[in-house]
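The values are calculated or read from the model by the stated rules, or taken from the named source; none is laboratory data. What you are looking at is a predicted structure, and each value in this text was computed from that prediction instead of being measured. Every residue, glycine among them, receives a Cβ derived from its backbone with ideal geometry; neighbour counts consider all protein chains shown. The area values use the complete protein model at the heavy-atom level, side chains included, leaving out ligands, DNA and RNA. Shrake-Rupley method; radii C 1.70, N 1.55, O 1.52, S 1.80 Å.
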Amino acid sequence: MTATDFIVARGDFETCKTIATTLPDSDALPHDALLVKVDRFAFTANNITYAVLGDEAKYWQLFPAPNGFGNIPVWGFGEVIASKRPNVPIGERLFGYFPMATHLVIEATDVSKRGLRDGAAHRQGVAPVYNAYARVSGNPDYAGRQGDYQALLRPLFMLSLLADDFLAENDDFGARTVLLSSASSKTAFGLAHLLHTRGRKVVGLTSANNTGFVSSLGCYDNVVIYDRVTSLPSDTPAAFVDMAGNSALRATLHRHFGDRMKCSVRVGLTHRATDADEGELPGAKPRWFSAPDQIRKRAKEWGPGGIEQRFGAAWSGFEPLLEKCLTVVESRGPEAVRQVYLDTLKGRIPPEQGHMLSLLG
Ligand SMILES: NC(=O)c1ccc[n+]([C@@H]2O[C@H](COP(=O)([O-])OP(=O)(O)OC[C@H]3O[C@@H](n4cnc5c(N)ncnc54)[C@H](OP(=O)(O)O)[C@@H]3O)[C@@H](O)[C@H]2O)c1
């Protein structure tokens, strides 16, 4: 039996291809292994960032590919089609981190009623969330359109929630306005929704093509295109949460706000602009936001289930916005996956679209 994997050249993301790999027979599966058919997965700019940080953050090691190529991790659903674990039956549905492929062999450990982990040696040394699978058979929150929203947004909205929490616990560092770059991205508008809900003034920075979408969301008080950011009033303290990772934009904002730039955190790299040396910038020193640090801190303070409980409450306030603003687009087969991958890489996906893919024909 063969599987299909979609892989990209690590040194040139525009070079990509599908390859066939051989799957073990059910009888030859290692002890404790599950053979999972990867049904459908979400693909957004976040997955391109996984590729950009593939070496640095060890994403390439999770789903090994032949020399010089990498398999980009994606969030999605799989179905167990062969099992060496008596307590994980064939037909079980899993939600978690998968390769862009038709199949994955998981070495199941820590199996509980709610989930399991892949204990494969090459998957260790990364944040635990990347090895955890939720058992979602029969769970309506993970079925149909709700399931698509989970795959598309759940990992992103977790970041939105943690970034909002980080700002809130620091009284927004004294800022009156929070500026978000790549305001049209799902991660940014999730954060904008949370900031808006707690009464913060939110300014969305975006490209000219995406202003209509960003304005229509209703969670940004003001929308400004990248070329016009110096038209923003600079006399009140601001915080900047950067999803674009564009060093020229960051420098312009810091120089414009000067000492009134009270906080500057980096979250994303959608623009993938070269990290030019910005020199010393006025205002707060830009730094990467660490979601794992915030999770560890809150897990300790809020106790077991505390983060999930807050996530659930925030998600139920966010979901109605998704129904209004997001169109789920489904594509199947290697050629369709290649097209969506290249369109995402080149920034050609309209922000109102959320892509769910499958390599199965
Ligand atoms: N640190 C973390 O733990 C963490 C967690 C979640 C997300 N993130 C990061 O947040 C960012 C947003 O992710 P997402 O999945 O929410 O994105 P998304 O919804 O797919 O965002 C699409 C938007 O990103 C911008 N964009 C995408 N590709 C581009 C390109 N090639 N050139 C120029 N602009 C491009 C455009 O926005 P504009 O026109 O508005 O710029 C586009 O509308 C990613 O970098 C992701 O890795 C980080």
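Kindly check whether there is at least one residue in region 94-114 that is of a type in the set (Gly, Ala, Ser), in contact with a strand residue (DSSP E or B) (Cβ under 7 Å, 6 or more places away or on another chain) and assigned to a loop (DSSP other than H, G, I, E, B).
Residues of region 94-114 of a type in the set (Gly, Ala, Ser): 96, 101, 108, 112.
Still in the running and in contact with a strand residue (DSSP E or B) (Cβ under 7 Å, 6 or more places away or on another chain): 96, 101, 108.
From what is left, the residues that are assigned to a loop (DSSP other than H, G, I, E, B) are none.
The answer is no; no qualifying residue exists.
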Residue within region 103-112 that is assigned by TED's automatic domain parsing to the domain that holds Ala9, open to solvent by 10 Å² or more (accessible area, probe 1.4 Å) and either at pLDDT below 95 or under 22 Å from Gly144 (Cβ atoms) (or both) present: no
Within region 131-154, considering residues that are within 16 Å of the ligand (Cβ to nearest atom) and either surrounded by fewer than 20 Cβ atoms within 10 Å (Cβ to Cβ) or of a type in the set (Val, Ile, Thr) (or both), the one farthest from the chain's Cα centre (by Cα): Ala132
Where Glu278 falls short, out of the listed (1) surrounded by 15 or more Cβ atoms within 10 Å (Cβ to Cβ); (2) out of contact with any Phe, Trp or Tyr (no Cβ under 9 Å at 6 or more places or on another chain); (3) within 30 Å of Arg260 (Cβ to Cβ): (1)
Only one of Ile349, Ile307 that is among the hydrophobic types (A, V, I, L, M, F, W, C), under 30 Å from Thr211 (Cβ atoms) and in contact with a helix residue (DSSP H, G or I) (Cβ under 6 Å, 6 or more places away or on another chain): Ile349
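Specify which of the listed residues (Ala284, Ala239, Ala313, Ala291) is surrounded by fewer than 16 Cβ atoms within 10 Å (Cβ to Cβ) and of a type in the set (A, V, I, L, M, F, W, C). Spell out the reasoning first.
Details: Ala284 fails: surrounded by fewer than 16 Cβ atoms within 10 Å (Cβ to Cβ); Ala239 fails: surrounded by fewer than 16 Cβ atoms within 10 Å (Cβ to Cβ); Ala291 fails: surrounded by fewer than 16 Cβ atoms within 10 Å (Cβ to Cβ).
Only one candidate qualifies: Ala313.
Given the criteria without any contact (Cβ under 8 Å) to a residue 40 or more places away in the chain and away from the ligand (no atom under 14 Å from the Cβ), does Pro282 qualify? Steps first, answer last, please.
Numbers: without any contact (Cβ under 8 Å) to a residue 40 or more places away in the chain: yes; away from the ligand (no atom under 14 Å from the Cβ): yes.
Yes; evaluated as a whole, the condition is true for this residue.
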Neighbours by Cβ (under 7 Å, 6+ apart or cross-chain): first from region 144-158, within 11 Å of Gly76 (Cα to Cα); second at pLDDT below 95 and within 12 Å of the ligand (Cβ to nearest atom): none
Selected residue (criterion: surrounded by the most Cβ atoms within 10 Å (Cβ to Cβ)) from residues of region 28-63 that are over 17 Å from Leu345 (Cα atoms) and of a type in the set (Gly, Ala, Ser): Ala33
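Mind listing just one residue for me: the one in region 327-361 that is assigned to a loop (DSSP other than H, G, I, E, B) and under 19 Å from Ile48 (Cβ atoms) and, of those, most open to solvent (accessible area, probe 1.4 Å)? Spell out how you get there, then give the answer.
Restricting attention to region 327-361, the residues satisfying the condition of being assigned to a loop (DSSP other than H, G, I, E, B) are 333, 346-352, 359-361.
With under 19 Å from Ile48 (Cβ atoms) added as a condition, the list becomes 346-352, 359.
Details: Lys346: 99, Gly347: 65, Arg348: 125, Ile349: 47, Pro350: 46, Pro351: 16, Glu352: 71, Leu359: 6 Å².
Once the filter is applied, the top-ranked residue is Arg348.
Give Pro73, Pro66, Pro99, Pro89 a once-over and let me know the one that is surrounded by fewer than 19 Cβ atoms within 10 Å (Cβ to Cβ) and in contact (Cβ under 8 Å) with a residue 24 or more places away in the chain. Show your work before the answer.
Working: Pro73 fails: surrounded by fewer than 19 Cβ atoms within 10 Å (Cβ to Cβ); Pro99 fails: surrounded by fewer than 19 Cβ atoms within 10 Å (Cβ to Cβ); Pro89 fails: in contact (Cβ under 8 Å) with a residue 24 or more places away in the chain.
Going through Pro73, Pro66, Pro99, Pro89 in turn, just one is surrounded by fewer than 19 Cβ atoms within 10 Å (Cβ to Cβ) and in contact (Cβ under 8 Å) with a residue 24 or more places away in the chain: Pro66.
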Residue match in region 315-327 (condition: within 16 Å of the ligand (Cβ to nearest atom), in contact (Cβ under 8 Å) with a residue 12 or more places away in the chain and either of a type in the set (S, T, N, Q) or over 16 Å from Phe157 (Cα atoms) (or both)): yes
Close pairs from region 7-23: first more than 16 Å from Asp343 (Cα to Cα), partner open to solvent by 80 Å² or more (accessible area, probe 1.4 Å) and assigned to a loop (DSSP other than H, G, I, E, B), Cβ under 9 Å, at least 6 apart: Arg10/Asp55; Thr22/Met1; Leu23/Met1
Where Pro86 falls short, out of the listed (1) assigned to a loop (DSSP other than H, G, I, E, B); (2) under 19 Å from Tyr59 (Cβ atoms): (2)
Flag for Arg272 being within 16 Å of the ligand (Cβ to nearest atom), within 30 Å of Ala208 (Cβ to Cβ), in a loop (DSSP other than H, G, I, E, B) and free of Cβ contacts under 8 Å to residues at least 60 places away in the same chain: no
Matching residues in region 165-187 - criterion: being more than 9 Å from the ligand (Cβ to nearest atom) and open to solvent by 20 Å² or more (accessible area, probe 1.4 Å): Asp165, Phe166, Ala168, Glu169, Asn170, Asp171, Phe173, Gly174, Arg176
